[in-house]
Amino acid sequence: MITCGMKIRSLEQTPLADVVEALLVAFADYFVKFPTEISYWEKRFRLSRVRWDLSYGHFVADRLVSFIINGVDERGGQRIAFNTGTGVYPDYRGRALVDQLYERAFSHFRAAGITHCQLEVIQENTRAIAVYQRIGFSIDRGLCLWKGALRRSEWKGRVEATDFAWVRAQNAALERYCAWDNTNAAVDQLGEEVSSFRVWDQSGQPLGYFLAKAREERCLLVQFEAWEGRWEALLAAIAQQYPGGVTANVDDRRPQVLAALKRAGCTSVIDQYEMSMAIPDVGK
């Protein structure tokens, strides 16, 4: 039941400035501080493939007080609604508003061919995790955000720029390890902001590849893969390209990668869960 005086509607006609204002208020007490620039959020939502017609909020006298913002794309053979932002104003918490937004969304998701919902949540945010589990989400995996300057070495090998099309041909079985914002579809959105590289060792043997979004001498490692588990060598090659440091979001089902990052000098800074649920039958 919707609280008296509230209306649920899609965010399709809601100005981005109003969405950002609601987001900043809802997350004022969050674990991390959010950027305030509207331009940042415009790009962030574009990269997340947000569908505003499939994103919803509670409005009180045209003021947005709760919301779910959904990106939509194909993933693992399913059409996914990925919740890239959920928020509720502090004064409106404890009223099951997120439950209500999902209840409203389900029939629209089904009509759009969406079969599953997914989201990411910081593991320390036990209150949000409990809400999502109540709605029907379950934890699928952990995602660990690592940062740091990789240790330099006398690694000798070869790094060459390549086309993303080459990487796409290699990662069909590996993309499942990527976070939503690092999938091939996200790379397509980033375009020339992401550089693709192939790596060979000193003897000329293929070592792997990496995709980097550069920030001066630092980079975001969008995707990276070492053949035959040679992660230390691959990270040494990356260190030569980006001595200022890297940021990488890694699936916790890949302990070899996590261990290699730690040995290379990086630190785990944020741990998240990825959660998912199948769209329930409408009316059940």
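Nonpolar atom fraction for the chain, defined as the carbon and sulfur part of the 1.4 Å probe accessible area, stands at 48 percent. Treating r as the C-beta distance of A17 and K156 and R0 as 45 Å, the FRET efficiency rounds to 0.30. A straight Cα-to-Cα reach below 29 Å connects K43 with the lysines K7, K33, K147, K213, residues fewer than 8 places away in its own chain not being considered. From most to least packed by mean Cβ count within 10 Å, the peptides 131-139, 163-171 give 131-139, 163-171.
Couplings 3J(HN,Hα) of region 190-199, computed from phi: 6, x, 6, 5, 10, 9, 10, 9, 9, 10 Hz, in residue order, whole Hz [Karplus 6.51 cos²θ - 1.76 cosθ + 1.60, θ = phi - 60°; x for Gly and Pro]. Only alpha carbons enter this Debye calculation for region 1-47, each as an equal point scatterer, and the log10 of I(q)/I(0) it gives at q = 0.15, 0.27, 0.33 Å⁻¹ is -0.51, -1.07, -1.22. Once the C-beta distance of A28 and Q123 is scaled by a Förster radius of 30 Å, the resulting FRET efficiency is 0.90 to the nearest 0.05.
The phi torsions of region 251-262, fed into the Karplus equation with coefficients 6.51, -1.76 and 1.60 and a -60° offset, translate into couplings of 5, 6, 7, 10, x, 4, 5, 4, 5, 5, 4, 5 Hz, rounded to whole numbers, with Gly and Pro shown as x.
The separation of region 50-116 from region 161-179, counted between C-alpha centres, amounts to 29 Å. Rounded to the nearest 5, what % of the DSSP beta bridges within the chain are antiparallel ones? Antiparallel: roughly 90 percent of the beta bridges in the chain. Of all beta bridges that DSSP places with both ends in region 134-284, some 90 percent have antiparallel geometry. Annotation: peptides 268-280, 33-45, ranked by per-residue average of other Cβ atoms within 10 Å with the highest first, follow the order 268-280, 33-45.
Hey, what number do you get for the chain at 222 nm if only DSSP H runs of n ≥ 4 count, each worth -39500 (n - 2.57), divided across all residues, to the nearest 500?
It lands at -8500 deg cm²/dmol.
For region 29-172, the solvent-accessible area with a 1.4 angstrom probe is 50 square angstrom per residue. Across the chain, C-alpha contacts under 8 Å between residues 6 or more apart give a mean separation that, scaled by the residue count, equals a relative contact order of 21 percent. Taking the C-alpha atoms only, the angle from helix 97-111 to the longest principal axis of the chain is near 80 degrees. Relative to the longest principal axis of the Cα atoms of the chain, the long axis of helix 38-47 lies at roughly 70 degrees.
Using only the C-alpha atoms, the convex hull of region 126-275 corresponds to 117 Å³ per residue. Within 11 Å, Cβ to Cβ, of C266, how many net charges do the neighbouring residues add up to if Lys/Arg are +1 and Asp/Glu are -1? Computed value for this residue: +4. Dividing the radius of gyration of the alpha carbons in the chain by their Kirkwood radius gives 1.01 for Rg/Rh. Counting only alpha carbon atoms, the long axis of helix 126-135 and the longest principal axis of the chain meet at about 60°. One quarter of the surface of the convex hull around the alpha-carbon atoms of region 69-201 equals 11.3 nm², the direction-averaged projected area. Give me the percent relative contact order of region 40-144, please, defined on Cα pairs under 8 angstrom at least 6 residues apart. Dividing the mean separation by the residue count of region 40-144 yields 22 percent.
The values are calculated or read from the model by the stated rules, or taken from the named source; none is laboratory data. Note that this is a predicted model, so its numbers are computed, not measured. Glycine also receives a Cβ, built like all others from the backbone with ideal geometry; neighbour counts cover every protein chain displayed. When the accessible area is computed, the model is the full protein with side chains, heavy atoms only, and any ligands, DNA or RNA have been set aside. Shrake-Rupley method; radii C 1.70, N 1.55, O 1.52, S 1.80 Å.
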